[in-house]
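Below: the structure, in structure tokens.
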Amino acid sequence: MTASDYARELLAVAVAAADTKAAEDLVALDVSGPLPFADIFLVASGHNERQVQAIASEIEDKLVEHGAKPLRREGRSQGRWVLLDFGDLVVHVFHVEERMYYSLERLWSDCPAIPLGR
């Protein structure tokens, strides 16, 4: 199974939004095989809490403008790991230190990476 066209469309919007806030190390993983509730995980990093919050806010704003509805938000007030669940696309915006600690890419290493084409 591969990520849906709609999930890839949302991914393109999220990546463009993240780029405007200088997000780093963006990685998209196709998790449609092992997960029944999402097609793509997008992982991004910021260097401080304000940047993490700004990246997450910009991604959420642009996805909502695109017509997507957020199902869940977690971690915004702390600014260390913000999770945005848009159903087909789940966005993880990490502070650099948390990203290294949790290492989602390692946990989901059996899932193929999606080229971001930036």
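Read-outs: derived from the displayed coordinates by stated rules, not from any lab. Please read these numbers as outputs of a predicted model, since none were measured by experiment. Please note: Cβ atoms are built from the backbone with ideal geometry, for glycine as well, and neighbour counts cover all protein chains shown.
Arrange K69, K21 by Cβ neighbour counts within 10 Å, fewest through most, would you?
K69, K21
Go ahead and estimate [θ] at 222 nm for the chain from helices alone: -39,500 (n - 2.57) per DSSP H run with n ≥ 4, summed, over the residue count, rounded to 500.
-11500 deg cm²/dmol
When the C-alpha atoms of the range 5-114 are aligned to their principal axes, what extent does each axis show, in angstrom, from largest down?
The Cα atoms of the range 5-114 stretch 33, 32, 21 Å along their principal axes.
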